[in-house]
Amino acid sequence: MAGTMIYLTRRAEFSASHYYHSAALSPEENQRLYGKCNNPRGHGHNYVLEVTVRGEIDPRSGMVVDLKQLKEVMAREVLEVLDHRFLNEEVPVFHHVIPTTENLAVEVWRMLALKLQFGRLHRIRLYETPDLFVDYYGPESNGHKGRE
């Protein structure tokens, strides 16, 4: 099936805590904008991460990617860094970036984009709650050439 583009998604879960606070806003503005999410003691989520890669089916293996390799890369590059962490204090990028679901999805892309030795990263979907998720398609989706 040469030339057939396939999109394959792997799901993983991790737990992390965070709070929202912008140094560019006054304490009152932070409270108004972020509400209870502005509590400096933080609050936690059980995130669900979906990583979608795209590629053609390898005629020898019949697969787009080795699922074991994808699982290992996700565990090493993302889950070991984010799982059971207070994002604002334990993940360096979030010392100066607000760990919103949007920013977290972008960071997961950065964590994975150069580490995948197979397929191409297509989408990061990150659920903060069962009814709230973010899709990120990488820098190319913003009109920029991605780091793939």
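A few remarks follow.
- Centroid-to-centroid separation of segment 1-80 and segment 107-126 [C-alpha atoms, Å]: 9 Å
- Percentage, to the nearest whole number, of Cα pairs in segment 69-116 over 16 Å apart: 36 percent
- Amide proton proximity set for V64, modelled H, under 5 Å, gap of 5+: D58
- If R0 equals 22 Å, the separation of the Cβ atoms of R10 and V97 corresponds to a calculated FRET efficiency of about 0.30.
- Computed over the chain, the quotient of the alpha carbon radius of gyration and 2.2 N^0.38 Å is 1.16.
- Against the rule of thumb 2.2 N^0.38 Å, how large the Cα Rg of segment 29-79 comes out: 1.95
- Converting phi to 3J(HN,Hα) with the Karplus coefficients 6.51, -1.76 and 1.60 and the offset θ = phi - 60°, segment 122-131 yields 10, 8, 10, 10, 10, 8, 8, 9, x, 10 Hz in sequence order, with x at every glycine or proline.
- Put simply, the amide H of Y20, placed in the peptide plane, has neighbours under 5 Å in N38, N39, leaving out anything fewer than 5 places away on its chain.
- A full extension of the chain between K36 and T129 corresponds to an added length of 31.9 nm, given 0.36 nm per residue minus the alpha carbon distance.
- Protection proxy ranking of 92-100, 117-125, 4-12 - average other beta-carbon atoms within 10 Å, highest first: 117-125, 92-100, 4-12
- Whole-Hz ³J(HN,Hα) from phi, Karplus 6.51 cos²θ - 1.76 cosθ + 1.60, for segment 76-84, glycine and proline x: 5, 8, 10, 5, 5, 7, 9, 5, 6
Every number in this text was worked out from the coordinates using simple rules, so none of it is lab data. Note that the coordinates shown come from a computational prediction; the quantities given were computed from them, not determined experimentally. Backbone-built Cβ (ideal geometry, glycine too); neighbour counts: all protein chains shown.
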